[in-house]
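Student: Dropping the structure in here first, questions after.
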Amino acid sequence: MWSEKTYIASSASYRRNHSPHSSTQLRFSSVSVHSSLTMASISEVPDEPGQPPALSALSLAQTSQDSKAKEQIITPFDVSGGVDEHGKAVAIDYDKLIDRFGSHRIDKAILERFEKLTGKPPHRLLRRGMVFSHRDLNLILDKYEKGVPFFLYTGRGPSSDSMHVGHTIPFEFTKYLQDAFDVPLVIMLTDDEKFLHSPKLSLKECRRFALENALDIIAIGFDPKKTFIFADTEFIYSDDGAAFGFNILEMSKKTTNNQIKGTFGFNDTNNIGEFGFPATQSATSFASSFPFIFGHNLKAVNKIPCLIPCAIDQDPYFRQCRDSAPRLGLMKPALIHTVFLPSLRGSESKMSASDTDSSVFLSDTDNQIKKKVGKAFSGGQDTREEHERLGGRTAVDVPFQYLTFFLEDDEQLEHIRQQYESGKMQSGEMKATATKELQAYVWAFRERRKAITPEIREEFMRPRQLIFKGMPSEKEQRAILEEERKMLQKRLVLVEESLQRLQAAGQAS
């Protein structure tokens, strides 16, 4: 499920004393991959166990021996920090997630390799540690270095008319990857899953949300020649979705109900559609699901790897997928994980489209943004005097954390951090700075969004040959198009025959 939890944000404390990509000494204490909480011991969970670890073992709010303490909740359906022994909410511990999920940290060496291979500096989310973990990213970079093509896959679970600012960040990062590596991208809108998992949403609403969200996603600036967007309810059941459907069936046959229960914490009260959906989300990981993009030569197509930018809460879906893929002769997808964008209320939870008071929406006016940021959780002290003496706490200050996501300039961000932590900048000034940055970000988005018409959306969502290095040859493309023309001609003949029969029946009566 591409949940409404945005891909990126950070709530634990992180300190970086030097960035190899800036002359400035950086110490972003709010953007953390390395939690200030006690490090968890490394679990003995293998990368792809036959039975992925139950989420309940690490994330379903378990009570410890102290009745006040609870573990953090990190599932595809719910995200929140834990509670300590004193009953105080704590930030998400990303180190614990890395260790228990068995993923790998993105380090300085990977950042340097990104820059060397692409000729572009790492995205601000990479260099500030908000894109923090991966599975097999080095293998993707190895193949890219050898000229082997790969494709990107990401998605969105449409649950509202308008996306919030957190939703744009993962798509912005995905656009960076597409531009940097010059590769094709498929974007999945899981309107079917939203319908199955949300008791209050109708199928009609979910389909409408998918179409509205598609307009927002296109406004991020994706290359139409290299991007295919699809809504599950429209694509899977079409002629072009046949190969996709075959892979869903293959994945379904390799997955048991017990595995789904163990991986997602489902029980007998979940509907059967929810049990089957993980196979659908997995099928997008395989190039063979899209023959109109990658061709029909399965021997070659099955060797095309996939890189999935996603939030860490989506990892269970793809652990399951990576477990089953080799048994089907398919490549395991690689993943690159992001942290969560915190709620306006504080870093113990994330922005949510279903909670308007926790989020800044792309449809919000400048005045609405100002009011929301003005009420955001502050790391300032109780009085002006205390603030000047003790300084602000950027590790918990939500407006500062938003700046770490949206402000591009590293030197400016570091200056703001120093001013705030020294007490020279007051909380009101911090909120005003964050407000200005968010207003500019949303305004720029709205201007791009005005230019996106339903016709442009229709082209992005039309199954077609994308243009990229390593695409099928002209001969193969021509053969595919000829086959499609023959199929359409046959269908047209059947339609004409049906009309003739209908006309004959009308004359007879």
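The values are calculated or read from the model by the stated rules, or taken from the named source; none is laboratory data. All values derive from a computational prediction rather than experimental measurement. Counting neighbours? That spans all protein chains shown, and the Cβs are built from the backbone with ideal geometry, glycine included. For the accessible areas, the whole protein counts, side chains as well, though only heavy atoms, and no ligand, DNA or RNA atoms are used. Shrake-Rupley method; radii C 1.70, N 1.55, O 1.52, S 1.80 Å.
Student: If you stretched the chain out fully between H104 and T365, how much longer would it get, using 0.36 nm times the residue separation minus the C-alpha to C-alpha distance?
Tutor: Length difference between fully extended and current span is 90.0 nm.
Student: Any aspartates and glutamates with Cα under 20 Å of the K120 Cα? List them, leaving off those in the same chain fewer than 8 positions away.
Tutor: Partners found: D107, E112, D142, E145, E172, D179, D182, D223, E408, D409, D410, E411.
Student: Work out the length of the dipole vector of segment 429-486 about its Cα centre, built from +1 on the beta-carbon of each Lys and Arg and -1 on the beta-carbon of each Asp and Glu, and round it to the nearest 20 debye.
Tutor: With Lys and Arg at +1 and Asp and Glu at -1, about 140 debye.
Student: Measure off, as a whole percent, the carbon and sulfur share of the 1.4 Å-probe accessible area of segment 83-140, all protein chains present.
Tutor: Whole-percent figure for carbon plus sulfur exposure: 52.
Student: Sequence neighbours fewer than 8 away in the same chain don't count; with that in mind, list the aspartates and glutamates whose C-alpha is under 15 Å from K261.
Tutor: E274
Student: Once you place label points 7 Å from the Cα toward the Cβ at K475 and A505, how far apart are they in nm?
Tutor: The two pseudo-label positions are separated by 4.8 nm.
Student: Here is the link list: K108/K332; K146/K332; K108/K469; K332/K486. Which ones come out longer than 30 Å on Cα distance?
Tutor: K332/K486
Student: Show me the ranking of peptides 242-251, 266-275 by mean Cβ neighbours inside 10 Å, starting with the highest.
Tutor: 242-251, 266-275
Student: OK, next. Per residue, what accessible area does segment 268-308 have, given a 1.4 Å probe and all protein chains present, in Å²?
Tutor: 36 Å²
Student: Under a 1.4 Å probe, what is the accessible area of segment 176-225 per residue, stated in Å²?
Tutor: Accessible area per residue: 38 Å².
Student: Multiply the residue gap between K450 and S238 by 0.36 nm, knock off their C-alpha separation, and tell me the result in nm, one decimal place.
Tutor: Full extension from K450 to S238 adds 73.3 nm.
Student: With every protein chain left in place, what is the accessible area per residue of segment 364-509 in square angstrom, probe 1.4 Å?
Tutor: Value for segment 364-509: 63 Å² per residue.
Student: Under the Karplus relation 6.51 cos²θ - 1.76 cosθ + 1.60, θ = phi - 60°, what is the ordered set of whole-Hz ³J(HN,Hα) values for segment 384-397, x standing for Gly and Pro?
Tutor: Using θ = phi - 60°, the values come out as 4, 5, 5, 5, 5, 7, 9, x, x, 9, 5, 5, 10, 7 Hz.
Student: Between D357 and L494, what FRET efficiency comes out of the Förster formula 1/(1 + (r/R0)^6) with R0 = 60 Å and r the beta carbon distance, rounded to 0.05?
Tutor: Efficiency, from the Cβ-Cβ distance: 0.65.
Student: Suppose the chain between L215 and A300 were pulled fully straight at 0.36 nm per residue; how much longer would it get relative to their current alpha carbon spacing?
Tutor: 27.3 nm
Student: Further question on the same structure: Roughly what would the spin-label model give for L117 and K253, points 7 Å off Cα along C-beta, in nm?
Tutor: Spacing of the two 7 Å Cα→Cβ label points: 3.4 nm.
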